[in-house]
Structures are given as structure tokens and as C-alpha cells.
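A.B. asks: A single structure is presented below for examination.
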Amino acid sequence: MKKSLFKLTLLAAAFSAGVATAATPDEIIDGSFYPYKKGFPAHAFVKPGVVINKSNVDQAKDVLDPAMYQVIKNGDYEITVGATTSFDLHKNYIDATRAGIGKVKLGEKNGQIIGYVAGRAFPEEPDLKDPRAGEKLAWNYKYGINWGDAASIEPFYWKYRKADTGKIETTNKFGFHFLNYKHRVVLPPIPDITPNPSNLFRGIYMKVFEPLDIKDTQLLIQRYDDDLKQDDANLYLGFQRRVRRLATGQITDSFLGSDLMIEDFEGYNGRVTDMKWTYKGTTTILMAYYNHNDQKTLSTEFKEKDGYQYVEFGGKGGCYPLVTWQLRKVYILESQPTDPNHPISKRIQYMDTQAATLSRTLIYDRKGELWKNFIIGKSHPDHHLPINKNSGISIDDAFSMVDLQSKHCTTGQFRGMVSQEQNPPSLFTVQNMRGAN
């Protein structure tokens with residue numbers, strides 16, 4: 001009898017060990033939005049204040065992505081480590097996520113989603129055994145809170161540089177604007193802007209202010225809530241005084257002679273449908289997350305009336321942002337174009353688990369060789385412009401796109417503001433493009 005009971009106990013224990021316990025809603029929310037609740041990442045060498053350079057980079061190799069490791073190993077850039085901080089998202093977005101737990105599902109095809117209302121579509125921890133885990137992360141990015149319901153970057157300076165010599169070829173001054181039509185959670189109207197007869201999800205509008213040869217050039221991207229429907233992209237060329245619709249292939253051309261294509265904006269500016277997404281695992285690496293106002297070195301080149309100073313650039317060619325980097329938990333995501341004529345073979349992207357943003361990207365050419373190194377610097381909103389305080393949005397603050405093959409780079413310096421007033425729906429129309437010059 002005792003032997004039988006012992007065997008039954010062992011069987012019960014084995015069965016219990018083999019059955020995963022479903023996470024509670026509180027556990028799902030904590031895991032998705034508060035990854036540092038139980039403590040921040042620690043490393044024997046990589047500590048706040050340490051400067052990682054070519055002489056000591058091997059001690060930090062395990063917390064650097066392979067491209068950034070090589071850049072530092074080559075002596076092209078040094079990283080100053082900052083303390084890891086929590087970039088808490090807005091309470092309304094988190095509450096909307098909680099309300100949707102267990103109600104959102106993928107459709108049969110890539111690009112189909114069922115039951116989504118607002119918040120993070122799939123807040124559960126991704127599973128390597130799930131063949132569509134990468135696709136779920138892509139939806140989290142699409143319906144993320146990267147710029148929130150409405151925001152603008154004005155001015156937004158882009159510099160084209162020779163990476164070997166640091167020579168600046170040109171400086172472009174832009175205004176960028178973003179508006180979510182649907183699934184809004186913070187700025188009124190909530191949840192949707194009406195009327196919206198085309199069922200748009202998001203609009204992006206850009207206008208060039210300088211230099212004179214491309215002044216008044218404008219770009220309008222209208223993204224549909226139905227991910228299977230192709231984006232509408234329109235370009236207004238000032239010297240031609242007409243609006244023309246961009247063909248699909250032009251989204252992957254060099255944008256105004258820079259090292260970026262339109263598809264690169266914000267880390268990835270395309271549809272879920274356009275890529276095959278693969279989740280490659282979870283890790284901890286250094287990411288360019290920081291407090292803007294606490295940076296020791298800020299640029300004095302551009303003068304703003306309110307005293308705002310932009311991120312400074314340095315390193316080889318002046319191609320890299322001089323900001324502190326911090327250890328952060330990230331998901332590794334591979335995206336491969338579904339179009340065989342696409343100019344790249346894949347992107348390896350490091351998605352911040354807390355913000356669900358794609359702020360670190362390695363881009364590979366069609367031969368499978370590393371082509372471009374993309375950094376988006378993220379500032380905590382409470383240590384930036386006063387208008388961004390308590391917004392719960394990690395503010396895009398600087399970018400660097402380095403073409404490693406042609407030895408060229410494009411850098412960006414942001415003055416980003418979360419704002420409803422500067423982004424009326426009328427701005428995101430073709431009619432506005434015709435009259436905005």
C-alpha cells in the first residue's frame with residue numbers, strides 16, 4: 001500500500017511539473033509593463049559611469065548586440081553606461097491592455113487580428129515554441145504608444161555625413177507630425193476620431209523647411225486599420241507644385257538622399273503583413289535609453305527660444321549620439337520581407353520589452369551581409385520638454401543610421417512634443433499638402 005501511494009505521489013508531482021500554470025492578469029501586466037519591478041539588471045563590469053571602449057569592450061560583449069560590439073571594438077564609438085530606469089507607460093494604455101487580456105487573437109493570415117480594441121495586443125510573455133510569437137510582437141509595435149495619440153517633431157534636423165571624415169554634406173530641417181485616428185487612450189476624442197470614412201489607423205505628415213532646393217517637399221502616409229490594405233503614401237514636390245502618389249517600391253528607396261528609406265521611420269514604418277516575423281529570444285543588452293536633461297554633453301549649434309538643446313553627436317564621423325546607454329530587457333525579433341524584390345534580406349531588431357519600441361536595428365543586404373546600423377535614442381518623458389512630462393511615452397530624441405558598406409551616415413536631432421493642438425486631422429490630408437506652401 002505504501003509503495004502504491006509513493007508511486008501515485010511521484011506521478012502527481014511529475015504531472016504538476018509538466019503542466020504550466022496560467023499567469024494571472026496581474027502577472028501578465030507586471031511582466032509586460034513593469035519588467036524591473038523585482039530589480040534592475042546587474043552586470044559584473046557594466047555599471048553606471050563605466051565607459052566602454054575598444055580597450056575593455058570584451059568585458060561587455062555579452063550585453064552588446066554584435067554590430068555595436070564591432071563598432072566599439074573598431075574604436076569608432078565609446079559608450080558611457082547609465083543607470084537602468086523604468087520607462088512607465090501611461091496608465092490608460094495599461095488599463096486598456098488589462099481589459100483586452102485573453103480577448104485578442106491572430107487571424108488565419110499574417111496581418112489579421114481579431115478582438116483588438118486598445119492597449120497592447122499581446123502582453124503575454126512570448127514563447128519560442130509559438131511559431132507566431134514574432135507576429136504578435138509586431139502587432140504590439142503597430143499598436144504601441146511610440147508617439148501616443150498625437151505628437152510632433154519640430155524642428156527635426158537631419159545631417160548627411162561622410163563616416164570616414166565627418167564632413168557634413170547637407171543639413172535638412174523638417175517638421176514631422178503623427179496622429180492616431182483609432183484605438184486612442186489618452187487624448188480626446190477617445191477611442192476614435194470621427195468621421196473616419198476610410199477607416200484609417202494612423203497618419204504621418206512631414207514637411208521640409210530647409211534647404212531651399214527641397215523646401216516645401218511634403219510626405220503624407222495614411223495607414224489603414226486593416227493591415228491587409230496597402231498604405232497610401234503621397235509626396236508633394238515644391239518645385240513641381242503637384243502631389244503624386246508613391247508606388248510601393250519607392251517606400252524602400254533612399255529618402256531624399258539619406259541613408260534611410262521611408263520604411264525605416266521609427267524603427268519600422270510598414271505593415272505587419274509586409275514581413276515574416278520571427279521571435280528569436282529574450283536577452284539583456286545596452287540600449288540608448290536615458291534622461292535628456294541629464295546628459296553632460298548637449299549641442300549648442302541650434303538655438304531655441306525656450307533654451308532647449310539637442311543631442312550632440314560624436315564618435316567616428318560624428319555618426320553616433322553622445323548619450324548614456326542602460327541595460328534593458330529586450331526581445332530579439334527578425335523580420336524578413338515578403339516581397340522578393342525588397343532591397344534587404346532581413347532586419348534583426350531589439351524590441352524594448354517595456355516600451356515595445358524598435359529602437360535598435362541591424363539591417364542586412366540581399367546577400368545577407370550587414371549593411372546598416374540603426375540607433376534611436378530614447379529619452380524619459382519626465383526629463384525632457386515640460387509638455388512631455390507624465391505622458392508615459394519614451395520620447396524619440398536622436399537617431400543614427402550608419403551605412404557600413406558605403407561609409408556614410410545620416411543623423412537626426414529631435415525636438416519631440418506630445419501634443420494634440422499641433423496635430424489636427426486636417427493636417428493629414430492631401431488637400432493640406434496642396435495648400436501648405
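A.B. asks: Output the qualifying pairs, or none if there are none: Cβ atoms under 7 angstrom, residues six or more apart or on different chains, first residue in the stretch 309-331 and in contact (Cβ under 8 Å) with a residue 12 or more places away in the chain and more than 19 Å from ASN373 (Cβ to Cβ), second residue β-branched (Val, Ile, Thr) and in a helix (DSSP H, G or I).
C.D. replies: LEU327/VAL63
A.B. asks: Give me the pairs: first residue in the stretch 174-197 and within 19 Å of ASP396 (Cβ to Cβ), second residue at pLDDT below 95 and surrounded by fewer than 20 Cβ atoms within 10 Å (Cβ to Cβ), beta-carbon distance under 6 Å, and six or more apart or on different chains, which are they?
C.D. replies: These pairs meet every condition: LEU187/GLN420.
A.B. asks: Please verify whether GLU135 is touching a residue at least 40 places away in the same chain (Cβ under 8 Å) and buried (at least 21 other Cβ atoms within 10 Å of the Cβ), treating the condition exactly as stated. Walk me through it before giving the result.
C.D. replies: Values: touching a residue at least 40 places away in the same chain (Cβ under 8 Å): yes; buried (at least 21 other Cβ atoms within 10 Å of the Cβ): yes.
Here the answer is yes, as GLU135 does meet what is asked.
A.B. asks: I'd like the full set of residues that are closer than 22 Å to PHE399 by Cβ and aliphatic (A, V, I, L, M), limited to the stretch 264-287.
C.D. replies: Passing the criteria: MET275, ILE285, LEU286, MET287.
A.B. asks: Can you confirm whether LYS329 is outside any loop (DSSP other than H, G, I, E, B), of a type outside the set (Ser, Thr, Tyr), under 17 Å from the mean Cα position of the chain (by Cα) and buried (at least 23 other Cβ atoms within 10 Å of the Cβ)?
C.D. replies: Taking the combined requirement at face value, the residue does not satisfy it.
A.B. asks: Moving to a separate point now. When the stretch 392-401 is examined, which residues are found to be crowded, with 24+ Cβ neighbours inside 10 Å and not in a strand (DSSP E or B)?
C.D. replies: ILE393, SER394 - these are the residues of the stretch 392-401 that are crowded, with 24+ Cβ neighbours inside 10 Å and not in a strand (DSSP E or B).
A.B. asks: Can you name every one of the strands (runs of 3 or more DSSP E) wholly within the stretch 148-248 that holds 3 or more residues which are out of contact with any helix residue (DSSP H, G or I) (no Cβ under 8 Å at 6 or more places or on another chain), at pLDDT 95 or above and not small (Gly, Ala, Ser)?
C.D. replies: Strands (runs of 3 or more DSSP E) meeting the threshold: 150-162, 168-180, 200-210.
A.B. asks: Filter the stretch 230-243 for residues that are surrounded by 16 or more Cβ atoms within 10 Å (Cβ to Cβ) and free of Cβ contacts under 8 Å to residues at least 40 places away in the same chain and give the result.
C.D. replies: Of everything in the stretch 230-243, those that are surrounded by 16 or more Cβ atoms within 10 Å (Cβ to Cβ) and free of Cβ contacts under 8 Å to residues at least 40 places away in the same chain turn out to be ASP232, ALA233, LEU235.
A.B. asks: From the list GLY134, GLY119, GLY82, GLY102, exactly one residue is at positive phi, of a type outside the set (Ser, Thr, Tyr) and within 22 Å of the chain's Cα centre (by Cα). Which is it?
C.D. replies: GLY119
Residue-by-condition table, conditions (1) crowded, with 19+ Cβ neighbours inside 10 Å; (2) over 30 Å from GLN336 (Cβ atoms); (3) out of contact with any Lys or Arg (no Cβ under 9 Å at 6 or more places or on another chain):
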| position | (1), (2), (3) |
| --- | --- |
| ARG245 | no, no, yes |
| SER254 | no, no, yes |
| ASP259 | yes, no, no |
| TYR268 | yes, no, no |
| LYS280 | no, no, yes |
| TYR290 | yes, yes, no |
| LEU298 | no, yes, yes |
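A.B. asks: Then there is this: Say we look at the stretch 249-277 and pick out the residues that are of a type outside the set (A, V, I, L, M, F, W, C), assigned to a helix (DSSP H, G or I) and touching a residue at least 60 places away in the same chain (Cβ under 8 Å); which of these is nearest to ARG132 (Cα to Cα)?
C.D. replies: Among those residues, the one meeting the criterion is THR273.
Conditions tested, residue by residue: (1) within 24 Å of SER32 (Cα to Cα); (2) crowded, with 17+ Cβ neighbours inside 10 Å; (3) at pLDDT 95 or above.
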{"site": "PRO66", "(1), (2), (3)": "no, no, yes"}
{"site": "GLN70", "(1), (2), (3)": "no, no, yes"}
{"site": "ASN74", "(1), (2), (3)": "no, no, yes"}
{"site": "ALA83", "(1), (2), (3)": "yes, no, yes"}
{"site": "SER86", "(1), (2), (3)": "yes, no, yes"}
{"site": "LYS91", "(1), (2), (3)": "yes, no, yes"}
{"site": "ASP95", "(1), (2), (3)": "yes, no, yes"}
{"site": "GLY100", "(1), (2), (3)": "yes, yes, yes"}
{"site": "LYS105", "(1), (2), (3)": "yes, no, yes"}
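A.B. asks: I'd like the residue in the stretch 311-324 that is in contact with a Phe, Trp or Tyr (Cβ under 7 Å, 6 or more places away or on another chain), under 14 Å from LYS378 (Cα atoms) and among the hydrophobic types (A, V, I, L, M, F, W, C) and, out of all such residues, is surrounded by the most Cβ atoms within 10 Å (Cβ to Cβ).
C.D. replies: Step by step, filter the stretch 311-324, then rank; the result is VAL323.
A.B. asks: Which count do you get for residues in the stretch 355-373 that are surrounded by fewer than 20 Cβ atoms within 10 Å (Cβ to Cβ) and either in a loop (DSSP other than H, G, I, E, B) or acidic (Asp, Glu) (or both)?
C.D. replies: Count: 5.
A.B. asks: Identify the residue in the stretch 332-354 that is over 17 Å from GLY281 (Cα atoms) and in contact with a Gly (Cβ under 8 Å, 6 or more places away or on another chain) and, among all such residues, is surrounded by the fewest Cβ atoms within 10 Å (Cβ to Cβ).
C.D. replies: Of everything passing the filter in the stretch 332-354, ASN341 is surrounded by the fewest Cβ atoms within 10 Å (Cβ to Cβ).
A.B. asks: Oh, and also: Within the stretch 21-40, track down each residue that is in contact with a Lys or Arg (Cβ under 7 Å, 6 or more places away or on another chain) and either of a type in the set (Asp, Glu) or assigned to a loop (DSSP other than H, G, I, E, B) (or both).
C.D. replies: Residues satisfying the conditions are ASP30, PRO35.
A.B. asks: Please determine whether any residue of the stretch 257-267 is more than 17 Å from the chain's Cα centre (by Cα), closer than 24 Å to ARG434 by Cα and at pLDDT 95 or above.
C.D. replies: The answer is yes, given that some residue of the stretch 257-267 is more than 17 Å from the chain's Cα centre (by Cα), closer than 24 Å to ARG434 by Cα and at pLDDT 95 or above.
The values are calculated or read from the model by the stated rules, or taken from the named source; none is laboratory data. Note that the coordinates shown come from a computational prediction; the quantities given were computed from them, not determined experimentally. Backbone-built Cβ (ideal geometry, glycine too); neighbour counts: all protein chains shown.
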